[in-house]
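Note sheet for the following structure.
Read-outs: derived from the displayed coordinates by stated rules, not from any lab. Since we're looking at a predicted model, the values are computed, not measured. Note that each Cβ is placed from the backbone with ideal geometry, even for glycine, and that neighbours are counted across all protein chains shown.
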Amino acid sequence: MGRGSGRWAQLLAPRVGMLSCMDASAETLSVARRTLADHFFHATAKATPLPRESQDFGYSLGALHQIPDTEAALQACIDRLKPGAVRAAVLQARKFEAMMKRTGPVDVAFL
């Protein structure tokens, strides 16, 4: 969620069966579609077409902390993950610690 230009998705796509990518910006998605043909959703974290507990892996690199209600967006992403799914996030340090106390740890975090 928060796909951006797609540079990280390009690295992951060959390693997964299907990569579901979304961004709230239609303009950003149009750029991403040029770099990677995949499943794209023009959506927000709270209003996503992805069913609950449907994703095997979730990552957000530098996107979630740009959403005004970062904690709610993170929880919406977590809700889309299957139980036991790997989570990776890059968040601004000032938001990271407080949120992890409420939403649970991520498997990988870069600050």
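For the range 73-83, putting each phi into the Karplus relation 6.51 cos²θ - 1.76 cosθ + 1.60 with θ = phi - 60° gives couplings of 5, 4, 5, 4, 5, 4, 4, 7, 8, 5, x Hz, in residue order, rounded to whole numbers and with x for Gly and Pro.
When the convex hull of its Cα atoms is viewed from all sides, the range 1-74 shows a mean projected area of 4.7 nm².
Output the peptides 59-67, 39-47 sorted from most to least packed, where packing is the average of other Cβ atoms within 10 Å over each peptide's residues.
Values: 59-67: 18.8, 39-47: 15.6.
Packing order, densest peptide first, comes out as 59-67, 39-47.
For Ser30 and Leu61, what is the calculated FRET efficiency with R₀ set at 25 Å and r taken between the beta-carbons, to the nearest 0.05?
Result of the calculation: an efficiency of 0.80.
Modelled label positions at Ala43 and Gln75, each set 7 Å beyond Cα in the direction of Cβ, lie 1.9 nm from each other.
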